[in-house]
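Peer 1: My questions all concern the structure below.
The values are calculated or read from the model by the stated rules, or taken from the named source; none is laboratory data. Quick caveat, the model's predicted, so the values are computed rather than measured. Don't worry about glycine lacking a Cβ; one is built from the backbone with ideal geometry, like all the others, and counts go over all protein chains shown.
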Amino acid sequence: MKGTRTTILQEIEDEVNKVDGHDVIWIRGSLGVGKSALAASIADRLRVQGRHVIWFRFDRTESTTITTNALWCVVAHDLAHQYPSFRRQLARGNTEFGSSNIDRLFETLIEKPLSALYHDPHEQLPVIVVDALDECGGLRHDPTEQKDYDALLRTLRHWAQEDCRKKFRLIITSRPDKHIEQNFPKSISTHVKIPSGNEVKPGDKPSKDIQAFLESHLSVMDMDKA
């Protein structure tokens, strides 16, 4: 809602625009706290600034089609459409888009072509948002689904560890997940936690945001005088 979460929105925006900041920003929080809404708001703010934003959302109910392979193909397609230098570099790779080798796919679709954009000004580089990262691989009861999730974390960690990609910002959202935390410690990523439950204290900014939200909706329902 307009006028809420202004502090956390500004914190994320500042981190995205920081030239020497971490390239991975992890927005985490419990189910239903508004991670996707917050990421969408950030994407809108960046677009207003002229930044190109690529959005991809995982869904555990469609884990057989919305895969790590699909993520990198979508990102590569969008970047190729937006940046001629990326497109030319990608064309030299002779990549099989249907390859089952995720590491090879990431290298040829993303890693090598991105080098063509490395010298572009930071403020002109794309921002990639991967929403609901923890839903990749569905419930992961099947070995194939677990393998896809492991491959996703491996390629994302590779992204975060490469100095040549320090100017490219990657925003991920998820519920608290030990595997994500292990792969993205604070030494290589920025953690933004959305407080909920007992973490919200009377008088703090999240508490005031909740109050503003309730007052707005009660007013619409004509219950604010009750």
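Peer 1: Take the conditions at pLDDT below 90 and surrounded by 15 or more Cβ atoms within 10 Å (Cβ to Cβ) and apply them to VAL53. Does it pass?
Peer 2: When the stated conditions are applied, VAL53 does not pass them.
Peer 1: Being of a type in the set (Ser, Thr, Tyr), buried (at least 18 other Cβ atoms within 10 Å of the Cβ) and modelled with pLDDT of 90 or more is the filter here; which residues of segment 1-49 pass it?
Peer 2: Across segment 1-49, the qualifying residue is only SER41.
Peer 1: Just a yes or no: is a residue in segment 12-27 among the charged types (D, E, K, R), part of a helix (DSSP H, G or I) and either over 17 Å from HIS191 (Cα atoms) or without any contact (Cβ under 8 Å) to a residue 60 or more places away in the chain (or both)?
Peer 2: Yes, segment 12-27 contains at least one residue that is among the charged types (D, E, K, R), part of a helix (DSSP H, G or I) and either over 17 Å from HIS191 (Cα atoms) or without any contact (Cβ under 8 Å) to a residue 60 or more places away in the chain (or both).
Peer 1: Exactly one of these conditions fails for ARG88: (1) exposed (fewer than 13 other Cβ atoms within 10 Å of the Cβ); (2) not in a helix (DSSP H, G or I). Give me its number.
Peer 2: ARG88 satisfies all of (1) exposed (fewer than 13 other Cβ atoms within 10 Å of the Cβ); (2) not in a helix (DSSP H, G or I) except (2).
Peer 1: Also, I was wondering about something else. Answer with yes or no whether ALA39 is in contact (Cβ under 8 Å) with a residue 40 or more places away in the chain and either on the phi < 0 side of the Ramachandran plot or not assigned by TED's automatic domain parsing to the domain that holds ALA116 (or both).
Peer 2: yes
Peer 1: Still on this structure, please answer the following. Kindly list the number of the only condition in (1) surrounded by 14 or more Cβ atoms within 10 Å (Cβ to Cβ); (2) touching a residue at least 40 places away in the same chain (Cβ under 8 Å) that fails for SER115.
Peer 2: (1)
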